[in-house]
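Every read-out reported here was derived from the displayed coordinates using simple, explicitly stated rules and does not represent laboratory data. The structure presented is a predicted model; accordingly, all values stated were derived computationally and were not measured. Ideal geometry is used to build each Cβ from the backbone, glycine not excepted, and the neighbour counts take in all protein chains shown.
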Amino acid sequence: MKRSILALSFLVVPISILITITIYSSSSSSSSSSIYNYTTALKSALQGTFSLNKTSKSSITQITTSSSESTAVAATTSTDTSSSEPMLNAAKNTMSKTLYNAKITPHRSGARGHSDHGWLNTYHSFSFANWYDPRFDRFGALRVLNEDRVRANSGFPTHPHRDFEIFSYILSGELTHRDSTMRGAKGDQSDLFYRMHRGDVQFTTGGTGIAHSEMNEHRSDTVHFLQIWAIPWKRGLTPRYHTRNFPEEEKRQGFVKILSPLKAGEDATAAEEKAAEPAIAGTIPIHADFVMGAGIIAPEGKFEWKVGADVTSATKRKVYVHLPMTKGGKAKIRLDGRDDAVLEEGDGAFVDAVNAGDKLVVESVGSAEAEVVVLDTA
């Protein structure tokens, strides 16, 4: 943890008020600031529901841009699967599927929401901001999966969250995190922060309310990361923050567990909450029946994910698999030996109708190693 002399301030406002924050972009095309409107992203939760109102686009709750600034790209349901990169073993698939009852539905990169604001280039696997698709509302407890690239000297200034479990998986570059729990511990004039790099995961329990910022303070490099939101098993939790590094070498040996449920469960005492013991040692505890894993699979290699990871409570499970855009299109994976479940970079897949203990095999069938993220939820 580093300290600086800069003071971090934040504005507490009612949930119903639209917060306007000035984001300073280092884009060479303009030296002026760009104004973006932020909502608290949790209006629906405070109204007694975590789910979106599927019939009303206005009920979507999270960062929105003003109409004059919005550059959202309309999503399409098709994707170009033609590629000059060969798919290894495409003609000689010796694997047979093992998840006989599972339904695997690819979620193509081209079907994601996309916005390029200059300072931020973002893709949304699930409805987010001013992009809404009723097909991609949520998947179990998984509510948001954004793949973001933020330019140097820009980012998300201080803004509030509540009643979501929010975590970032750093793919490249660096991301600097500050939040109100740090300031509260050290006084309003302190400026404590965490600076994260590749392999780091930072996790925030929004709970009763937290204000935080995520900034790329590097002088030249873009940061590339996944931001993921999960719905907790109950509202009104105590806000908490965790960060941990997960070594790349371990991810090349098999899927590494990143998150697992708080061991004490939904009815944890205050002392158990403070102890924050996860169900799987070495992971970050999450307030949900939810496990996250990540692995880096060499070409022609294969990893196996055990559904539920032996620690979840619900036996009926859903698994979302995501292949980030890290290798210039050269990475590809195949799920469960199915040629209709081959994913290219930016693609994801809904794996439904699986049970705790089932084995999901993930093969790398591209010409570059594949960094794969698995999100296992009830």
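Does segment 90-244 classify as rounded, prolate or oblate by the C-alpha gyration tensor (a ≥ b ≥ c root eigenvalues; a/c under 1.5 gives rounded; else a/b over b/c gives prolate, otherwise oblate)? In terms of gyration-tensor shape, prolate. The residue among 309, 295, 245 whose Cα reaches farthest toward the positive pole of the charge dipole of segment 223-336, with charges on the beta-carbon of Lys, Arg, Asp and Glu, is 295. Is segment 240-378 rounded, prolate or oblate when judged by the Cα gyration tensor, a ≥ b ≥ c being the square roots of its eigenvalues, rounded requiring a/c under 1.5 and prolate requiring a/b larger than b/c? Prolate shape, in that a/c is at least 1.5 and a/b is the bigger ratio. Please state the shape class of segment 336-378: rounded when a/c is under 1.5, otherwise prolate if a/b exceeds b/c and oblate if not, all from the C-alpha gyration tensor. Verdict is prolate for segment 336-378.
Looking at segment 134-231, the GluC sites (Glu not before Pro) that sit in a DSSP loop and have at most 14 other Cβ atoms within 10 Å of their own Cβ are 217.
Checking the cross-link pairs 318/359; 263/359; 103/318; 257/318; 263/302; 274/306 against a 18 Å limit on the alpha carbon distance flags 263/359; 263/302; 274/306 as lying beyond it. Taking Cα centre as origin and charging only the Cβ of basic (Lys, Arg, +1) and acidic (Asp, Glu, -1) residues, the dipole magnitude of segment 244-325 rounds to 260 debye. With q set to 0.20 Å⁻¹, the log10 of I(q)/I(0) for segment 95-169, from the Debye formula over equal scatterers at the Cα positions, is -1.04.
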